[in-house]
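Colleague: First the structure, which I've put down as structure tokens, then a few questions once you've had a look.
The values are calculated or read from the model by the stated rules, or taken from the named source; none is laboratory data. Model, not experiment: these values are computed from the prediction. Backbone-built Cβ (ideal geometry, glycine too); neighbour counts: all protein chains shown. Accessible surface areas use protein heavy atoms only, side chains included; no ligands, DNA or RNA. Shrake-Rupley method; radii C 1.70, N 1.55, O 1.52, S 1.80 Å.
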Amino acid sequence: MTAATVATRSENVRARIVAAFDRDGALARAVPGFAARPSQAEMAAAVYDAIENGSTLIAEAGTGTGKTFAYLVPALIAGGKVLVSSGTKPLQDQLFRKDLPAVLDALHINAATALLKGRANYVCLHRTARAESEGMLPTREDVVHLRSVIRFASTTSTGDRAELAEVPENAAIWPLVTSTRDNCLGAECPRFAECFVYKARREAQGADIVVVNHHLFMADLAFRDDSIRDFLPTVDTVILDEAHQLPAIAADFFGASLSLAQLLEAGRDARSLGLSRAPDGASWITLTHRFERAVRDLRLALGNAGLAIGSRTPVERIPRRADLIPAFDELDGCAAEVLRALEINRGRDAELDLLIGRFSELRRELKDWTQAVGTPAHAEENEGPPDPTEQSNPSVRWISVSTHGAQFNQTPLAPGQALARAREAQPQAWILTSATLTAAGRFDHFLAEVGIEGATTARWNSPFDFPQQALLYLPKSLPSPNDARFAQVVAEAAWPLVRANGGRAFILCTTLRAVDKVADRLRQLMALDDQQLPLLVQGTTTRRALIDAFRASGSAILVGSISFWEGIDIRGDALSLVVIDKLPFAPPVDPVVEAKIRYLRRIGRNPFNEYQLPEAIMLMKQGVGRLIRDETDRGVLMILDERLLTKPYGKVVLASLPPFARTRTEAEAIEFLTRRPSTGRART
Ligand code: SF4
């Protein structure tokens, strides 16, 4: 083909893509309710250009642009193998079951599709059979759940646990009937041919379009999993939706963590496998009980070293951290004994042999931590210029402590470096998109966080008519967000609007403590006014149950913290008031935030302008984005943070939000809310 022919072909494909979004195009003909939007067609053309050039496109598409179709249409028409990664498993399911079939159908494209999740999502036939034969389940509930899993495994074609609603997500049975990379026997497994994990992977390898989630994608890039890596080089287009989540997920996966629960599980596995596969091979009960006691002693030592329940503490701030060294040494000694026993019995059983690698790795991590707690504090609190090794891989070590457990974490402070290296190793086009990638219209912060160089950036504002559809209410005379009574004031200021609106409100707080205080005060106010509205409060049940209850109610008030600021799509009158207590700055006492601030300062950057403020703006945009979800939505956004008007950075935040009409008076806000009668029903 000559260059001219290639160019003509590209132009034709591009024209076909743009035409699909026309008023009378393929999508309008096939998708009920489809509305032609110029920004959607423009984004689709930009995605196609990136695919053609094998380049990276970073695209911010405001709410309502229709970004899912804007990337699916060009990717499907361009052809080749496509990998789409979404932020969460529910979004992944929706993309696979709803959006992807709709676009394939509209375009009359016949392509093989596959849904691929991490291995913990699939029932492991081998471990399920083992759990059944060992029959040592501690509770009656576990027995009931195991029976459900066994029944499910015999009828499902996917083994995807999301299809088994009767066993809750957090049921204790799941770790026993799913696999990890450490305990999977792979090709040596007697159930390998029928294994759900490998079946899903084979389907993904053969499919034209594979839908994954960011956790799986990152786990693979960080060499923590191997679901995608085998076929990633054969992929022509990688699409990362909800890309604003990537830096945080990359920080999790390119870092390292070791929990006491993980250690205890290794001990349990060594005991049960040792006893069943090599009963005469060692004193398994004595060895593993000693190991488990050392794990519990380490938990006690953390308390004695000054770490309180609920704390998240960087290593250098542990009050008496040298006291931890004997506990680490003792645990390592016990792990070494178990490892020796496993080595002696090597070759007797494949599953038992897998524990050798696992205990070796645990010992390596324990040694790292022993060394870290033994390093003098001043060596880590250095505020001077960075040493070259730190610049290549800066990280913070910190420990979180819960009532019975603890987790040892090492979090990279520049996770984008690893992500960028992974991107450079892949030759295909990458499309990163989200509704929130910019702060004050600039991509600088996101680009710095993901570390990807040479990308094309593009933005499309939301097509909604914000000045008409929404009102931003900034109340007067508020106390500082640091005031002890602030949460009560939030509830008292919001209540007149909530009451006038008949509920149908989200109250988004920045902390869990504020959630409880706001909810308590709202209860009192409802009692005083003798007006009871359904009050749904984070922490009383699961996030999904709260959102479902909100949708079903039509007059509810939902009070939630950061996890409710994004990923919730409630259209129509059911949600017409969003109250935000304050600017969501990450707490500077958080060990990762604190270390990152120090690191940025050391490398000569401005942590507030280049990190804290843009992060807060991106989260603020997510929270604000809950209100107007389509062209017919109307509502009031109320923000109770005076700093928006009194601080210079407040103006930057306001300039980053959609162009709402504004008021400072309660009466106008109530008038806006009550101007139109509403049905109180959610549209889906
Ligand atoms: S191959 Fe691994 S995941 Fe599959 S059944 Fe066997 S142990 Fe389980």
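Colleague: Name the residues in region 338-353 that are buried (at least 16 other Cβ atoms within 10 Å of the Cβ) and acidic (Asp, Glu), would you?
Modeller: Asp349, Glu351, Asp353
Colleague: Check His404 against each of (1) under 30 Å from Ile639 (Cβ atoms); (2) over 23 Å from the mean Cα position of the chain (by Cα); (3) of a type outside the set (Phe, Trp, Tyr); (4) in a loop (DSSP other than H, G, I, E, B) and name the one condition it does not meet.
Modeller: It is condition (1) that His404 fails.
Colleague: Which residues, taken from region 294-312, are in contact (Cβ under 8 Å) with a residue 40 or more places away in the chain, open to solvent by 10 Å² or more (accessible area, probe 1.4 Å) and in a helix (DSSP H, G or I)?
Modeller: Residues satisfying the conditions are Arg299, Gly303.
Colleague: Here's something else I'd like to know. Mind listing whichever residues of region 551-569 are among the aliphatic types (A, V, I, L, M) and more than 17 Å from the chain's Cα centre (by Cα)?
Modeller: Applying the first criterion (among the aliphatic types (A, V, I, L, M)) to region 551-569 yields 552, 556-559, 562, 568.
Hits for region 551-569 are Ala552, Ala556, Ile557, Leu558, Val559.
Colleague: Which condition from (1) farther than 16 Å from Asp444 by Cα; (2) touching a residue at least 12 places away in the same chain (Cβ under 8 Å) is the one that Glu615 breaks?
Modeller: Single failed check for Glu615: (1).
Colleague: Pick from region 122-165 the residues that are within 15 Å of the ligand (Cβ to nearest atom) and of a type in the set (Lys, Arg): which of them is most open to solvent (accessible area, probe 1.4 Å)?
Modeller: That would be Arg161.
Colleague: Conditions first: (1) touching a strand residue (DSSP E or B) at 6+ places or on another chain (Cβ under 8 Å); (2) assigned to a loop (DSSP other than H, G, I, E, B). Glu631 passes all but one, so which condition is the exception?
Modeller: Only one criterion in (1) touching a strand residue (DSSP E or B) at 6+ places or on another chain (Cβ under 8 Å); (2) assigned to a loop (DSSP other than H, G, I, E, B) is unmet by Glu631, namely (1).
Colleague: Something else about it: Taking Ala61, is it within 30 Å of Gln245 (Cα to Cα), touching a helix residue (DSSP H, G or I) at 6+ places or on another chain (Cβ under 9 Å) and surrounded by fewer than 20 Cβ atoms within 10 Å (Cβ to Cβ)? Step through it out loud before you land on a result.
Modeller: Working: within 30 Å of Gln245 (Cα to Cα): yes; touching a helix residue (DSSP H, G or I) at 6+ places or on another chain (Cβ under 9 Å): yes; surrounded by fewer than 20 Cβ atoms within 10 Å (Cβ to Cβ): no.
Here the answer is no, as Ala61 does not meet what is asked.
Colleague: Got a sec? Which helices (runs of 4 or more DSSP H) wholly within region 425-509 have at least 1 residues that are among the charged types (D, E, K, R) and at pLDDT below 95?
Modeller: Qualifying helices (runs of 4 or more DSSP H): 444-450.
Colleague: Same structure again: Looking only at region 503-548, filter to residues that are of a type in the set (Gly, Ala, Ser) and surrounded by fewer than 17 Cβ atoms within 10 Å (Cβ to Cβ); which one of those is farthest from the chain's Cα centre (by Cα)? Break it down into steps so the answer makes sense when it comes.
Modeller: Residues of region 503-548 that are of a type in the set (Gly, Ala, Ser), as a first pass: 503, 505, 514, 519, 527, 539, 545.
Of the ones still in play, those that are also surrounded by fewer than 17 Cβ atoms within 10 Å (Cβ to Cβ) are 527, 539, 545.
Values: Ala527: 37, Gly539: 18, Ala545: 18 Å.
Residue satisfying both the conditions and the ranking: Ala527.
Colleague: Looking only at region 616-639, count every residue that is open to solvent by 10 Å² or more (accessible area, probe 1.4 Å) and under 12 Å from Leu471 (Cβ atoms) and tell me the total.
Modeller: Total satisfying the criteria: 1.
Colleague: Can you name every one of the helices (runs of 4 or more DSSP H) wholly within region 1-80 that holds 3 or more residues which are hydroxyl-bearing (Ser, Thr, Tyr)?
Modeller: Numbers: elements: 3-20, 26-30, 38-53, 67-78.
Of the helices (runs of 4 or more DSSP H) lying wholly inside region 1-80, those with at least 3 residues that are hydroxyl-bearing (Ser, Thr, Tyr) span 3-20.
Colleague: While we're here: From Thr389, Thr403, grab the single residue that is at pLDDT below 95 and under 20 Å from Arg293 (Cα atoms).
Modeller: Working: Thr389 fails: under 20 Å from Arg293 (Cα atoms).
None of the others qualify; the one that does is Thr403.
Colleague: Would you mind finding the one in Pro247, Pro233 that is within 24 Å of Ser55 (Cβ to Cβ), touching a residue at least 12 places away in the same chain (Cβ under 8 Å) and in contact with a Gly (Cβ under 7 Å, 6 or more places away or on another chain)? Steps first, please.
Modeller: Working: Pro233 fails: in contact with a Gly (Cβ under 7 Å, 6 or more places away or on another chain).
Result of the check over Pro247, Pro233: Pro247.
Colleague: Right, next: When region 313-331 is examined, which residues are found to be touching a Ser or Thr at 6+ places or on another chain (Cβ under 7 Å) and either among the hydrophobic types (A, V, I, L, M, F, W, C) or surrounded by 18 or more Cβ atoms within 10 Å (Cβ to Cβ) (or both)?
Modeller: Residues satisfying the conditions are Ile325, Phe328.
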